[in-house]
Every structure is written in structure tokens, then in C-alpha cells.
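Step one of this worksheet: look at the structure below.
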Amino acid sequence: MKYRDKIEELQEKGLVSDAQAEQLSDTLHNESEVDDTFIEEEMGEPRSYGRMITGVVVLALVATLLVSYNGIVTKEENTKTAWSQVESNLQRKLDLLPNLVKVVKQYAKHEKEVFTEVTALRAKVQTALKNSADAKVLAQANSALQSAIGKMMLVSERYPELKSSEHFLQLQSQIEGSENRINITRMMFNDKVSEYNGYIRRIPAKWVANMADFKAKEYFKAEAQAHKKFDIGI
């Protein structure tokens, strides 16, 4: 039963006066408006609050992905910088080799097989550098070249005058220094690659790496004998 009908029933029975009935009617009317407003506000607030929470979550996710993307780019650039140092030292060694071959030829003209091998492998490394070959390919080419250089250095054992040549000793020292620098920059490069590869495997960077097609990088792995110090018996 509605409140208004109940009040009219009380009036008919003489239990409330006309003035009291009017007062009750006004009071109930006002309370009804308040209840309706309260219900509308209570129903509307969760929807507004939910939208706000969703917006905050989306913004937080976007910010996280942007930070991860920038982190990947930074670490990738670090690997490129480290790799450029490897390439620079490799190129220095390649530039020294023709002079070394010339000096050795002056004293050991009959060692053609060794000279041919060194020259061919030097050209292979030079081509790999020019074509921006990956670390694995370049490491293998450099290891083969270094092994051939070691053979040429051993030739000096059979030629005492070559062993005592100042020009030969200077070139031998410079090439050895270049190889040592290659070894150092190789380790620095591998360290940066390790940081990069580890970073893109962790969430949320892993999501960004998959979306942006960032790939894991190869390490520059050289054979142990490739960086063994030359021993020419002096």
C-alpha cells in the first residue's frame, strides 16, 4: 500500500487531522526524493570509479612498456658501440699483416704456402667486416686467421736473421698488441650482449621485444689458441 493511501485511510477513521495528514504527506514526499537521489548517486559512482581505475591501469601499462622499449634500445646501442671497438681492432690487425708478410718473405721466400694461407684468410676476415657479418662468423674467420699467423711466426725459427730483424719484431709486437685489444673488446662486447639478452628475456621487456622483433644476439666466441701469445723463441 502507498503511503498516501494509508494517510487517507487514517483521516477517514478520524485518527489524524487534516493538518497532520498534510504534514505527514509532505514529510514522506521529501524523504522519497532523498532516497531516489541517493540510489542514483550510489549506482552511478561505481561506474565512474571503475572507469577511473581502468584508465590508471592502462596508463601504467603504457608507461611500463615505453620504459622497457627505451631500455632495450639503450642496451642494444651499447652492444653496437662495443662491437665497433672489436671491428676497429680487427681492422688494425688486418692493416698490419701485409707489411708482416713482406718482411717475412724477404728472409723466407720459399714459405709460399704459409704466405698464401695468411693472405687468403686475411681477405676472408676483411670481407666479413665489409659485409657486417655477425659475431659468430667473424669470430670463426679471425680464429682461422690467427692460427695461420701463428704458423708464419714459427717460420722465423728457421731463419735467425728474420728473428733478429727489428722491423719484424716491431710488427710482431704490434700485431700481438692488436690481438690483445681484440680479446679485451671481445669480452666487453660479450658482457653487453649478456646484459641485452638477459633484459629481453625478462617481463615486461620480453613482451616489447616480441612485439618490436628484437632478437637475441650472438656472442663473439674465439678459440683459446686464437689469442695465445706468440712465442718466436727470442
Computed label-point distance, nm, for sites Val73 and Arg202 using a 7 Å Cα→Cβ extension: 2.1
How large, in Å, is segment 85-198 by the Kirkwood hydrodynamic radius built from its alpha-carbon pairs? 14.9
At a threshold of 8 angstrom on Cα-Cα distance, excluding pairs fewer than six apart, so keeping six or more, what relative contact order does segment 75-227 reach in percent? 39
Within a Cβ distance under 13 Å of Thr74, other residues only, what is the Lys/Arg minus Asp/Glu net charge? 0
Would you mind checking segment 201-220 for residues with the amide N under 14 Å from a putative spin-label position 7 Å along Cα→C-beta of Leu66? none
Give me a comma-separated list of calculated 3J(HN,Hα) values for segment 120-133, in order, Karplus coefficients 6.51, -1.76, 1.60 applied at θ = phi - 60°, integers in Hz, x for any Gly or Pro. 5, 6, 4, 4, 5, 5, 4, 5, 4, 5, 4, 8, 6, 5
Around Ala209 (Cβ within 11 Å, Cβ-to-Cβ, excluding Ala209; K/R +1, D/E -1) the net charge comes to +3
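Any read-out appearing in this document is the output of simple, stated calculations on the displayed coordinates, not a laboratory observation. Because the structure is predicted, anything quoted here is derived from the model rather than measured. Using ideal geometry, Cβ is built from the backbone for each residue, glycine included, and neighbour counts are taken over all protein chains shown.
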